[in-house]
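Contents: one structure, followed by commentary.
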Amino acid sequence: DGGITQSPKYLFRKEGQNVTLSCEQNLNHDAMYWYRQDPGQGLRLIYYSQIVNDFQKGDIAEGYSVSREKKESFPLTVTSAQKNPTAFYLCASSTQTGVGGYTFGSGTRLTVV
Amino acid sequence: AQSVTQLGSHVSVSEGALVLLRCNYSSSVPPYLFWYVQYPNQGLQLLLKYTSAATLVKGINGFEAEFKKSETSFHLTKPSAHMSDAAEYFCAVSDRGGSEKLVFGKGTKLTVNP
């Protein structure tokens, strides 16, 4: 069955480290998205990509970086510049028209130790 | 610019009672509208969507929502709550034929009491 796979499910980062969250989809979707979720704040868009080799900043891109070298993959790097990275991170994908809504992965919970 | 307002960050109902989760949207063009459900430590799952067909939309798990253009609302309902409905629910809007990006509400956490 098609879907989105996020890994790892839990990730621990030491202060000053960069970490990369994986997101892979086999839905043949063109668009992919990264969201950050904190209690009581809903979903906040970090980065999105509508086509391979192109991506745009979302509302809270500072301290994060992405790449989109393949249609299926959209990894997110949380850099040491992100001062408060502890959160639940969600990856999603959609068709170009968006009429079907988004398909979400199961999330990665990142904790700074 | 699009926006979504979910009234009530927490809603509590008894098992068997009506579930009503409120969502109002703002959009400059006829929108696509969505409801998602999220269980603890999981991703979001699509419950139902409105994309210009019937204004009363039926989704999974017995949920439905009615698009009311005059009220700019898309409230989610279920006639009889079940314990398994306890979760967080998100309403989302996107411009029809425009940007594909969804704008999400802040979510409503539903508690079902036995």
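Quick look at the numbers
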item	result
Some residue of segment B:11-29 being modelled with pLDDT under 95, in contact with a Pro (Cβ under 9 Å, 6 or more places away or on another chain) and buried (at least 17 other Cβ atoms within 10 Å of the Cβ)	yes
Filter result (within 12 Å of another protein chain (Cβ to nearest Cβ) and within 13 Å of B:Ala86 (Cβ to Cβ)) within segment B:13-39	B:Val37, B:Gln38, B:Tyr39
Residue under evaluation B:Ser84, criteria (1) farther than 17 Å from A:Tyr102 by Cβ; (2) facing chain A (nearest Cβ under 10 Å), criterion not met	(2)
Among the candidates A:Ser73, A:Ser94, A:Ser106, A:Ser80, residue that is surrounded by fewer than 21 Cβ atoms within 10 Å (Cβ to Cβ), more than 15 Å from A:Ile46 (Cα to Cα) and at the interface with another protein chain (Cβ under 10 Å from one of its Cβ atoms)	A:Ser106
Among (1) more than 14 Å from the chain's Cα centre (by Cα); (2) farther than 26 Å from A:Gln17 by Cβ; (3) of a type in the set (Gly, Ala, Ser), the one test that A:Ser94 misses	(1)
Segment A:67-105, residues that are out of contact with any strand residue (DSSP E or B) (no Cβ under 6 Å at 6 or more places or on another chain) and within 15 Å of A:Gly2 (Cα to Cα)	A:Lys71, A:Thr95, A:Gly100
Residues that are in a strand (DSSP E or B) and hydroxyl-bearing (Ser, Thr, Tyr), drawn from segment A:84-113	A:Tyr89, A:Ser93, A:Ser94, A:Thr103, A:Thr108, A:Thr111
Strands (runs of 3 or more DSSP E) (entirely within segment B:49-114) containing at least 2 residues that are out of contact with any His (no Cβ under 7 Å at 6 or more places or on another chain), crowded, with 20+ Cβ neighbours inside 10 Å and at pLDDT below 95	B:87-95
Those residues of segment B:14-62 which are closer than 26 Å to A:Asp38 by Cα and among the aromatic types (Phe, Trp, Tyr), in sequence order	B:Tyr25, B:Tyr32, B:Phe34, B:Trp35, B:Tyr36, B:Tyr39
Given (1) among the charged types (D, E, K, R); (2) assigned to a strand (DSSP E or B); (3) touching a residue at least 40 places away in the same chain (Cβ under 8 Å), number of the condition A:Glu15 does not satisfy	(2)
Selected residue [touching a Lys or Arg at 6+ places or on another chain (Cβ under 6 Å), free of Cβ contacts under 8 Å to residues at least 40 places away in the same chain and either of a type outside the set (D, E, K, R) or within 12 Å of chain B (Cβ to nearest Cβ) (or both)] from A:Val99, A:Val66, A:Val52, A:Val112	A:Val52
Meets criteria (closer than 30 Å to A:Cys23 by Cα, within 10 Å of another protein chain (Cβ to nearest Cβ) and small (Gly, Ala, Ser)) for B:Ser9	yes
Conditions (1) within 13 Å of the chain's Cα centre (by Cα); (2) among the hydroxyl-bearing types (Ser, Thr, Tyr); (3) closer than 28 Å to A:Gln56 by Cα; (4) buried (at least 18 other Cβ atoms within 10 Å of the Cβ); number of the one not met by B:Thr5	(4)
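A quick yes/no check of all residues on (1) closer than 18 Å to A:Ser106 by Cβ; (2) among the polar types (S, T, N, Q); (3) buried (at least 19 other Cβ atoms within 10 Å of the Cβ):
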{"site": "A:Gly2", "(1), (2), (3)": "yes, no, no"}
{"site": "A:Lys9", "(1), (2), (3)": "yes, no, no"}
{"site": "A:Gln17", "(1), (2), (3)": "no, yes, no"}
{"site": "A:Gln25", "(1), (2), (3)": "yes, yes, yes"}
{"site": "A:Asn28", "(1), (2), (3)": "no, yes, no"}
{"site": "A:Ala31", "(1), (2), (3)": "no, no, yes"}
{"site": "A:Tyr35", "(1), (2), (3)": "yes, no, yes"}
{"site": "A:Asp38", "(1), (2), (3)": "yes, no, no"}
{"site": "A:Leu45", "(1), (2), (3)": "no, no, yes"}
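The values are calculated or read from the model by the stated rules, or taken from the named source; none is laboratory data. A quick note: this is a predicted structure, and the numbers were derived from the prediction, not measured. Heads up, the Cβs are rebuilt from the backbone with ideal geometry, glycines too, and the neighbour counts pull from every protein chain shown.
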